[in-house]
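FYI, it's all coordinate maths here, none of it is from the lab. Quick caveat: nothing in here was measured; it's all calculated off a predicted structure. Neighbour counts run over all protein chains shown; Cβ positions are idealised from the backbone, glycine included.
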Amino acid sequence: MTEATPVTRLRMPRSALVAVVVLVVCTIPLASVSPWLLLLFALPAAIGAYVWRSGVDLDAEGIEVRAAFGSTRVPWGAVAGLQVRSRGELWLQRRDGTAVRLPVLRSPRDLPRLHEASAGRLGVPEVEN
């Protein structure tokens with residue numbers, strides 16, 4: 001029997017769900033005007049799904065990028081490195097030339113956290129403050 005490998009989860013803070021609850025409360029008066037306006041509740045539901053589900057999971061086998069309605073698993077052997085794009089977005093660069101956006105992670109704020117969680121596999125340099 002093998003031990004389970006620890007999984008490091010990098011997610012959006014769950015306190016962001018408070019904003020979703022506020023949006024639901026603010027939507028109630030408008031949605032009560034007409035049955036068709038009940039569709040407005042789809043917006044807080046989608047935002048809630050994004051906050052609850054999106055993030056990055058790192059373990060011994062690889063990295064799993066989770067979006068609101070899907071996920072992509074990339075083994076460590078297929079990872080070429082990280083790419084910082086406009087507005088500080090972090091992208092995981094694969095060896096085959098494709099890239100996967102890392103949701104809820106921003107540079108340089110999250111680079112040290114990502115480096116530590118990957119146990120140095122991503123080769124992210126330290127960021128000076």
Exercise. Just checking, how many residues over the range 80-105 are exposed (fewer than 14 other Cβ atoms within 10 Å of the Cβ) and either in contact (Cβ under 8 Å) with a residue 60 or more places away in the chain or out of contact with any strand residue (DSSP E or B) (no Cβ under 7 Å at 6 or more places or on another chain) (or both)?
Worked result: 5
Problem set entry | Given (1) surrounded by fewer than 13 Cβ atoms within 10 Å (Cβ to Cβ); (2) farther than 22 Å from Ser15 by Cβ, number of the condition Arg109 does not satisfy | (2)
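Out of Arg11, Arg53, which single residue is under 18 Å from the mean Cα position of the chain (by Cα), under 21 Å from Glu116 (Cα atoms), surrounded by 13 or more Cβ atoms within 10 Å (Cβ to Cβ) and not polar (S, T, N, Q)?
Arg11
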Exercise. What's the number of the condition Gly77 fails, among (1) loosely packed, with under 14 Cβ neighbours inside 10 Å; (2) within 18 Å of the chain's Cα centre (by Cα)?
Worked result: (2)
